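Below: one structure, written as structure tokens.
The values are calculated or read from the model by the stated rules, or taken from the named source; none is laboratory data. Predicted model, so just to flag it, every value in this text is computed and none were measured. Positions of Cβ are generated from backbone atoms using ideal geometry, with glycine treated the same way; all protein chains shown enter the neighbour counts.
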Amino acid sequence: MRIIDYLNMGQVLDYQRYLNLQNRLRVRRRELILFCQHNHTLTAGVQASQDNLLRRPGEREAGIYFIKRGGDFTAHEPGQCVIYPHLDLRRRQIKMTDFFESLLKITGESMARIWNLAVESRRDAPGLYLCSSRHKIASIGLELRSQFSGHGIAINVSNSLRTFEYINPCGEPGLELTTVERCGGDPKLQPDFCRTWVELFQKRFQNQLTSAVPFD
């Protein structure tokens, strides 16, 4: 199998720069797993309803992007761990449903190993939720174009959650959110979480991965 690079960017990545990168990767069918975070940003997927945008933020508060991933409105902000797995599913003969479910399982198991958090997914509202309280801690939204995957999964690690106040997150009024830090997890262990995530991904898809930038 072809080697997949994974790139850890500790700094904040401008969201428009990510969209440009995603398009270049797809055109070249260049596989890359990207770990990053974003400034305060709202994104609306293909199922988004304008009713779920409660108020528009000012230009200095958050940007809004209407994109072609699945799902409704969600938010990004510093302190999240955002994972973008760009894979050629056609060449690797991976079904989108299997890919989607695998990303949730890999993320949940990584959170359990590193932060001792028990989470579960919901069929009616994709993402990861604390088993104890049903607070949402991770959101997922994928795009498949030309059988090449884009976008990904965002884990609330130490972010403030203030950007979510502009929306009904994932189209659910009253949805309660939380972060790893609020649940007692140490944000400083995020590099360990990322390493574990890569190891489980490699095991699940039996691919050799190489790091372009180390996690430490």
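Data for the structure
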quantity: Test for Leu7: is it aliphatic (A, V, I, L, M) and closer than 21 Å to Arg162 by Cβ; calculated: no
quantity: Set Gly141, Gly127: member being touching a helix residue (DSSP H, G or I) at 6+ places or on another chain (Cβ under 7 Å), closer than 24 Å to Asn39 by Cβ and of a type in the set (Gly, Ala, Ser); calculated: Gly127
quantity: Residue in the stretch 196-214 that is closer than 15 Å to Ala75 by Cα, of a type in the set (A, V, I, L, M, F, W, C) and assigned to a strand (DSSP E or B) present; calculated: no
quantity: Residue in the stretch 10-18 that is touching a helix residue (DSSP H, G or I) at 6+ places or on another chain (Cβ under 6 Å) and either part of a loop (DSSP other than H, G, I, E, B) or not basic (Lys, Arg) (or both) present; calculated: no
quantity: Residue check for Arg69: in contact with an Asp or Glu (Cβ under 6 Å, 6 or more places away or on another chain) and within 29 Å of Phe205 (Cα to Cα); calculated: yes
quantity: Top-ranked residue in the stretch 151-191 [being touching a Ser or Thr at 6+ places or on another chain (Cβ under 9 Å) and part of a helix (DSSP H, G or I); ranked as surrounded by the fewest Cβ atoms within 10 Å (Cβ to Cβ)]; calculated: Pro187
quantity: Pairs where the first residue, in the stretch 1-27, is more than 15 Å from Arg145 (Cβ to Cβ) and buried (at least 18 other Cβ atoms within 10 Å of the Cβ) and the second is modelled with pLDDT under 80 and among the hydrophobic types (A, V, I, L, M, F, W, C), C-beta under 9 Å, 6+ apart; calculated: Ile4/Leu209; Tyr6/Leu209; Tyr6/Ala212; Tyr6/Val213; Asn8/Ala212; Asn8/Val213; Asn8/Phe215
quantity: Residues (in a loop (DSSP other than H, G, I, E, B), surrounded by fewer than 19 Cβ atoms within 10 Å (Cβ to Cβ), of a type in the set (Asp, Glu) and touching a residue at least 12 places away in the same chain (Cβ under 8 Å)) located in the stretch 48-106; calculated: Glu61
quantity: Contacts under 7 angstrom Cβ, first residue in the stretch 201-216 being closer than 12 Å to Leu103 by Cα, partner modelled with pLDDT of 70 or more, 6 or more apart; calculated: Phe201/Ile106; Gln202/Leu209; Arg204/Ser102; Arg204/Ile106
quantity: Tally of residues being in a helix (DSSP H, G or I) and touching a Gly at 6+ places or on another chain (Cβ under 9 Å) across the stretch 20-47; calculated: 4
quantity: Matching residues in the stretch 120-146 - criterion: being surrounded by fewer than 16 Cβ atoms within 10 Å (Cβ to Cβ), touching a strand residue (DSSP E or B) at 6+ places or on another chain (Cβ under 7 Å) and assigned to a loop (DSSP other than H, G, I, E, B); calculated: Arg122, Cys131
